[in-house]
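Beneath this line is the structure, given in structure tokens, with notes to follow.
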Amino acid sequence: MRLARRWIIGSTCLILVGLLHFVYWDLVEVFDIEQSESSAPIELLWWTRHMPWVYDEVRRCGVFECRVTNKRKRLASARAVLFYGTFLETGDFPLPRSLQHSWALLHEESPKNVAYAPFDDFLQHFNFTSTFSRYSDLPLTTQWLPSAHDLISMDYTMSFDFKSSNLNVASPSVVFLNSDCDTMSGREHYMKELMRHINVDSFGSCLHNKDLPASLQKDYMDNLYSPKLLRFLSRYKFMIAIENAVCEDYITEKFWRPLVVGVIPIYFGSPSIRDWQPQKKSAILVKDFPNAAALGRYLMDLSENKTEYDSFRGHKLNRSHPIQNEKLLHNLITYPYHMGVPTPEGSLIQVFECAVCKYATYRGPIRRANARHYNCPLVPIYAPLESKKEPNSLAHWRSAMKVGQCQARILKTFFSSNKPYSEAQFAAELNPRIAEDRC
Ligand SMILES: *[C@@H]1O[C@H](CO)[C@@H](O)[C@H](O)[C@H]1NC(C)=O
Ligand SMILES: *[C@@H]1O[C@H](CO)[C@@H](O)[C@H](O)[C@H]1NC(C)=O
Ligand SMILES: *[C@@H]1O[C@H](CO)[C@@H](O)[C@H](O)[C@H]1NC(C)=O
């Protein structure tokens, strides 16, 4: 009995102490916020060099206000430090890191760019992320779709009969327009096989067999949705839409652009792409076919069947219910960033800054990113080849990812020791591991 009573008193005291502690820290937190509100705005510091802008200004984001700068000497007063993924440098992080420094990462590219980005050892050091993954704090999954209106608009949509009348050789009418010819997804290897079975018009530099009209040649890479280009593409029945790497939710204009112009995408990339189609069936998925020969046969049949062909174009042809995917609809209405908003406030950078500004103002409970925030497989996935062999560039990408894993581990060690280090010190850790195959 006495023991039990003592235990009860003891644990009550413990709970009380815990509560007081909690309240105390809450008050400190509130006080902290109020103090910074009453004086200068909270500061966000872009750590990344080589950004195409220089500024130091107060940014108003709705009811929030932050000072956004890229002057490194302001590190001590910064509440959040911002990094742009593609320009990260392994030897350039702001250490020692104080407790008040939240780190925020904006990285919309695939792991082709930064091989250590997918690893937990790296991501766990960030408190706020914006990537293509639906699990990041500011997801960019639909960033390459200009708007819901473009998806359902009939502006560029050609009828099946018109598309058929354009053909002067036996062909399912497929367009391929890519100029990155060495991809983690094995795009060119797969296309080489497909092009042995069916006619494909290839206008980019990969497997090039046709020239774009002169008026399009200059800016087709910079102006992905120019009206001229959209009109040109809309004549086709199918468009190759193979991403340069396979990651969950890594979806680019390759998927959205054909949908915008009423052309059926032949897609390979995000394994969960079905979550983002406007209707249950809006794209042909490469992974549904054992190989390119089977896909080629299917395209030949489909290209001659109007009813079946148009059943992929419900987002254009069903005027009463064009977007039947609730998740996509919700996303299109609520997400703060889609390309195609021409004002500075609509730019990706400013949308990101405002999201971090809001986060840094409230902060709330401790949070850190994990591998889901940049949801990529650690071994590259590629389109299935007839030969059943892997693409010959795959060995290269696999070892690049292994080096990435090594880099992530070393970064973790440096970040944990929380002391400044140089690129040379980083290399001194990395190189022997690569040489001895200890990644
Ligand atoms: C065309 O596709 C429809 C299904 O959408 C099918 O019922 C029909 O038999 C097909 N026609 C031909 C000629 O294969
Ligand atoms: C459009 O979609 C709705 C909902 O799925 C369906 O009931 C209707 O029959 C479709 N209309 C046409 C013309 O396909
Ligand atoms: C931010 O992330 C770091 C590293 O994971 C962590 O130690 C820190 O507690 C986090 N801060 C907040 C406010 O979530």
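The values are calculated or read from the model by the stated rules, or taken from the named source; none is laboratory data. Worth saying up front: this structure is predicted, and the values here are computed from it rather than measured. All Cβ positions, glycine included, derive from the backbone under ideal geometry; neighbour counts span all protein chains shown.
Brief remarks on what is shown
- As for region 82-100, it holds at least one residue that is of a type in the set (S, T, Y), away from ligand 3 (no atom under 16 Å from the Cβ) and under 17 Å from the mean Cα position of the chain (by Cα).
Each row is one residue, and each column tells you yes or no for (1) in a helix (DSSP H, G or I); (2) within 13 Å of ligand 1 (Cβ to nearest atom); (3) in contact (Cβ under 8 Å) with a residue 60 or more places away in the chain.
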position: Y298; (1), (2), (3): yes, yes, no
position: D301; (1), (2), (3): yes, yes, no
position: E308; (1), (2), (3): yes, yes, no
position: S320; (1), (2), (3): no, no, no
position: I323; (1), (2), (3): no, no, yes
position: L329; (1), (2), (3): yes, no, yes
position: I333; (1), (2), (3): yes, no, yes
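- Test result for S185, within 30 Å of R368 (Cα to Cα), under 22 Å from the mean Cα position of the chain (by Cα), not assigned by TED's automatic domain parsing to the domain that holds L385 and not hydrophobic (A, V, I, L, M, F, W, C): yes
- Single condition V356 does not satisfy, out of (1) farther than 30 Å from K192 by Cα; (2) surrounded by fewer than 18 Cβ atoms within 10 Å (Cβ to Cβ): (2)
- Selection count where residues are buried (at least 23 other Cβ atoms within 10 Å of the Cβ) and within 25 Å of D182 (Cβ to Cβ), scope region 246-265: 11
- Residue count for region 172-196 under the criterion of being part of a loop (DSSP other than H, G, I, E, B) and free of Cβ contacts under 8 Å to residues at least 60 places away in the same chain: the result is 2.
- Test result for E243, in the same structural domain as C181 (by TED's automatic domain parsing) and in contact with a Gly (Cβ under 6 Å, 6 or more places away or on another chain): yes
- Residue within region 332-355 that is within 16 Å of ligand 3 (Cβ to nearest atom) and either modelled with pLDDT of 90 or more or more than 21 Å from F119 (Cβ to Cβ) (or both) present: yes
- Of all residues making up region 101-116, the number that are over 22 Å from the mean Cα position of the chain (by Cα) and in a strand (DSSP E or B): 0
- Subset of region 74-114 that is closer than 30 Å to K254 by Cα and among the hydroxyl-bearing types (S, T, Y) - its residue that is modelled with the highest pLDDT: Y84
- Qualifying residue in region 238-245 (condition: without any contact (Cβ under 8 Å) to a residue 60 or more places away in the chain, within 16 Å of ligand 1 (Cβ to nearest atom) and not in a helix (DSSP H, G or I)): no
- Residues of region 137-180 classified as under 28 Å from the mean Cα position of the chain (by Cα), more than 26 Å from K316 (Cβ to Cβ) and either among the acidic types (D, E) or modelled with pLDDT under 95 (or both), total: 3
- Considering only residues in region 217-233 that are closer than 24 Å to V169 by Cα and more than 26 Å from the chain's Cα centre (by Cα), the one that is surrounded by the fewest Cβ atoms within 10 Å (Cβ to Cβ) turns out to be R231.
- The set of residues in region 356-408 being at pLDDT 95 or above, polar (S, T, N, Q) and part of a loop (DSSP other than H, G, I, E, B) consists of N370, N375.
- Checking T141, T157 one by one, the residue that is among the β-branched types (V, I, T), within 16 Å of ligand 2 (Cβ to nearest atom) and either assigned by TED's automatic domain parsing to the domain that holds K316 or assigned to a loop (DSSP other than H, G, I, E, B) (or both) is T157 and no other.
Residues are listed down the side, and each one gets a yes or a no for (1) surrounded by fewer than 19 Cβ atoms within 10 Å (Cβ to Cβ); (2) closer than 14 Å to Y374 by Cβ; (3) of a type in the set (G, A, S):
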position	(1), (2), (3)
V81	no, no, no
L99	yes, no, no
L105	no, yes, no
N127	no, no, no
T131	no, yes, no
H149	yes, no, no
S164	yes, no, yes
V169	yes, no, no
